[in-house]
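Where a number appears in this text, it was derived from the coordinates with a stated rule and is not lab data. Not measured: the values here are computed from a predicted model. Every residue, glycine among them, receives a Cβ derived from its backbone with ideal geometry; neighbour counts consider all protein chains shown.
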Amino acid sequence: MYCNICGNRGDNLNIFMITMCKDCFEEFANISILDEEYDKYKNLIRILLSYYISPKAILNPAK
Ligand SMILES: [Zn+2]
């Protein structure tokens, strides 16, 4: 499995629907909202949430 953030292959963790290496996970866990990099992670979280939400949306019958 490759890290979904930096693309490194190695000691990766599976978090929600994505694969993240330990380096990225630590960065992610310790990141500050004021950090420039936060935008990158914010987008990632948005992607995660859309993965999480979409199966439920599909279950909703259209009327
Ligand atoms: Zn990584």
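Using the number of other C-beta atoms within 10 angstrom as an exposure proxy, rank GLU36, GLU26 with the fewest first.
Neighbour counts put them in this order, fewest first: GLU36, GLU26.
Sort SER50, SER32 by Cβ crowding within 10 Å, fewest neighbours at the top.
In order of increasing Cβ crowding within 10 Å: SER32, SER50.
Measuring from centroid to centroid over Cα atoms, what is the spacing of the range 31-51 and the range 1-29 in Å?
Cα centroid to Cα centroid, the span is 14 Å.
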